[in-house]
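The values are calculated or read from the model by the stated rules, or taken from the named source; none is laboratory data. Everything quoted here is computed from the prediction, not taken from an experiment. Ideal geometry is used to build each Cβ from the backbone, glycine not excepted, and the neighbour counts take in all protein chains shown. Heads up: the accessible areas ignore ligands, DNA and RNA and are worked out on the full protein's heavy atoms, side chains in. Shrake-Rupley method; radii C 1.70, N 1.55, O 1.52, S 1.80 Å.
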Amino acid sequence: MKNNYVSLERVLEMASEAAGKQYRKIPGKKIMFESCLDNGEQIVLCTPTSKYHETIDAYWIDLTKVQCDLMDTYENGIFIFRLEGEKLCLFNCCDLKPFLTEKSMRYSEQAKDHWKLRIYNHYIKVLGNPDNFNVDCFFYKEKNSDQ
């Protein structure tokens with residue numbers, strides 16, 4: 001599989017178009033951005049990347065407690081996972097939240113408190129949680145590209 005991702009710039013462009021306002025980088029954060037919806041509500045976007053891991057037949061992302069706590073301070077939160085092979089996985093933060101339990105949280109020196117997420121084509125598995133979070137990953141396609 002080719003090591004290619006939908007660019008951060010393209011994701012921000014699409015998200016800004018959908019929000020009706022430009023997203024701005026949150027100071028001190030590499031993959032988190034904020035904007036404001038037309039109704040005045042604040043929105044946060046978190047857009048990590050992951051390569052495909054053949055050994056687990058899935059993508060893998062560590063989601064930190066710091067990221068989740070920051071997302072909780074906004075009225076709206078969106079994840080757009082940018083996956084190898086120009087795939088995207090888009091969903092609302094509040095839909096994933098019930099799967100991020102204290103029991104399923106991990107700890108490492110590098111990531112501190114975090115959850116390990118395995119992303120499959122039709123669901124996300126939070127390691128340590130017996131339930132799956134249903135989502136659909138899709139291949140990104142430019143609006144004006146040929147079929």
inquiry  = For the range 76-107, give me each residue that is of a type in the set (S, T, N, Q) and either at pLDDT below 95 or within 16 Å of the chain's Cα centre (by Cα) (or both).
reply    = N76, N92
query = Right, E75: closer than 20 Å to S7 by Cα and touching a strand residue (DSSP E or B) at 6+ places or on another chain (Cβ under 8 Å) or not?
reply = no
query = Considering only residues of the range 1-24 that are open to solvent by 70 Å² or more (accessible area, probe 1.4 Å) and without any contact (Cβ under 8 Å) to a residue 40 or more places away in the chain, which is nearest to Q67 (Cα to Cα)?
reply = R24
inquiry  = Can you confirm whether Y59 is of a type in the set (F, W, Y), out of contact with any helix residue (DSSP H, G or I) (no Cβ under 7 Å at 6 or more places or on another chain), open to solvent by 40 Å² or more (accessible area, probe 1.4 Å) and in contact (Cβ under 8 Å) with a residue 40 or more places away in the chain?
reply    = no
query = What number of residues within the range 25-52 satisfy the criterion of being surrounded by 13 or more Cβ atoms within 10 Å (Cβ to Cβ) and without any contact (Cβ under 8 Å) to a residue 12 or more places away in the chain?
reply = 1
Single unsatisfied condition, R82 versus (1) in contact (Cβ under 8 Å) with a residue 60 or more places away in the chain; (2) open to solvent by less than 20 Å² (accessible area, probe 1.4 Å) = (2)
query = What number of residues within the range 110-147 satisfy the criterion of being more than 14 Å from C89 (Cβ to Cβ), open to solvent by 30 Å² or more (accessible area, probe 1.4 Å) and modelled with pLDDT of 95 or more?
reply = 7
